[in-house]
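The values are calculated or read from the model by the stated rules, or taken from the named source; none is laboratory data. Keep in mind that this is a model prediction, so the values were computed, not measured. A quick note on method: Cβ atoms are made from the backbone with ideal geometry, for glycine too, and the neighbour counts reach across all protein chains shown.
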Amino acid sequence: MSTLPTHEEILSAIGDARGKWDAGNKPQPEPIGPGEESVWDFPRPPAVEEVRKRIVVEFAGEAIADTTRALRIVETAGAPVYYLPPDDVATAYLVGTDSVSVCEWKGAAVYYDLEVGGRVSPGAAFAYPDPLDDLGQGYARIAGCFGFYAARVDRATIDGEPVSPQPGGLYAGWVTKGLKGPIKGAPGTGHW
């Protein structure tokens, strides 16, 4: 597995990326109704929230994760990303890769292939082993937790509701029926 950059290297690499977002250049948010939430009401910098709903991730006929102790990170314009505690994840199905990416807020993420009974889903899961927490937003709480790309597993649900992947495939957000956008990820939305 690749060596993770230090916090200092990450902060140097992201430079002023945290300040480049232009809040005045956003699309018109969709109206929300009772029980709905808008990605445009999510904060920047992102916030960590506890989720006590039942979250299940399935692949190749196996329950890869099943928890009621998840965290989610919400960020302006993006679908929430769910982080599941390692005790509630069948980690025997996760195979570490050399892939590493850097988030301007959370730092370095490492990636895992999902391998079950001869089926492989490359880069289906990721984790932040040592997240940045220089902004005091609580990102350290996701250390060692696993996130899953909804498009790279057979099924992911929140309280039985199937989730859809965030548009574009780059972000690991989960879209539910009560989430209103527009949601970043599709071509032409990178400046959101």
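Some notes on this structure:
- Residue count for the stretch 29-69, restricted to those that are part of a strand (DSSP E or B), without any contact (Cβ under 8 Å) to a residue 24 or more places away in the chain, in contact with an Asp or Glu (Cβ under 9 Å, 6 or more places away or on another chain) and not hydroxyl-bearing (Ser, Thr, Tyr): 1
- Subset of the stretch 145-192 [among the polar types (S, T, N, Q) and at pLDDT below 95]: Thr189
- The strands (runs of 3 or more DSSP E) found wholly in the stretch 85-192 and carrying at least 2 residues that are of a type outside the set (Val, Ile, Thr) and crowded, with 18+ Cβ neighbours inside 10 Å occupy 94-103, 107-116, 119-127, 146-148.
- Filter pass, Ala77 being hydrophobic (A, V, I, L, M, F, W, C) and in a loop (DSSP other than H, G, I, E, B): yes
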